[in-house]
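Read-outs: derived from the displayed coordinates by stated rules, not from any lab. In this text, all values refer to a predicted model and were calculated from it rather than measured experimentally. All Cβ positions, even for glycine, are placed from backbone atoms using ideal geometry, and neighbour counts span all protein chains on display.
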Amino acid sequence: MCALYDGRGYMRLTWTVRPWRKSTQGEWSASVTTVLEGGSRDRFVAELMDFLSQGDHRGQD
């Protein structure tokens with residue numbers, strides 16, 4: 001993820017996904033950019049941190 005603040009009240013978040021390992025079929029990546037208004041930034045960050053802190057709970061009861 002790359003976050004850039006443009007100084008005009010907007011933040012651009014670019015999310016990029018790519019495989020961890022090289023493939024014999026070639027490399028690839030996918031990106032999407034979202035734009036947030038400055039007022040929504042704090043709420044978004046709080047929700048993102050909550051989501052990311054959930055972790056991977058596979059195999060746990």
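Using all pairs of distinct alpha-carbon atoms, the Kirkwood hydrodynamic radius of the chain works out to 14.2 angstrom. Rounded to the nearest 500, the helix-only mean residue ellipticity at 222 nm of the chain stands at -7000 deg cm²/dmol, with each DSSP H run of n ≥ 4 adding -39,500 (n - 2.57).
Cβ-Cβ distance of GLU27 and MET1, R₀ of 22 Å, FRET efficiency by 1/(1 + (r/R0)^6): the value works out to about 0.70.
Nearest 10 degrees is fine. How inclined is helix 41-53 to the longest principal axis of the chain, computing both from alpha carbons? That works out to roughly 20 degrees.
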